[in-house]
Amino acid sequence: MLELYHSINSVCAQKVRVVLAEKGLEYQERLMTLRGDQFDPEYLKLNPNAVVPTLVHDGRPVIESSVILYYLDEAFPQPPLMPRDAHERARDVWAIQDDLVAHVAPSRPLRTAVKGAAVAPNVAARDDG
């Protein structure tokens, strides 16, 4: 059984809901207001960081949205979120990162903002021009 503790406006929780829908997984919704309910002692046992989302699968909590996405892809491999071939997966990750940087940090060159920092941290400080 899957339970998702989340808030409607949390972008991190939205990512998890998209993946749950993409994989066609049913879950019990535990909607939180984040007006103090995240500090409830019972919730803190699940997520000591007092944030959303928290996924509980068969009584075991998984916290942090990116970790939850990896967990869901491992625990429920069909349909896969990423290609199984390492080269295809790497290509897709770079495409996603390029798109993200283009929309989030358009004033920085793509190679410096993402690829340079990911490959060699000292490249990020260097001017490409």
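Quick note: the coordinates plus some simple rules give every number you see, no bench work behind them. Computed from a predicted structure; not experimentally measured. Here Cβ is always computed from backbone atoms with ideal geometry, including for glycine, and neighbour counts include all displayed protein chains.
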Checklist entry - Restricting attention to region 1-66, which GluC sites (Glu not before Pro) occupy a DSSP loop and are surrounded by at most 12 other Cβ atoms within 10 Å? => result E26
Checklist entry - Given +1 on the Cβ of Lys and Arg, -1 on the Cβ of Asp and Glu, and no further charges, what dipole in debye does region 2-75 carry about its Cα centre, rounded to the nearest 20? => result 180 debye
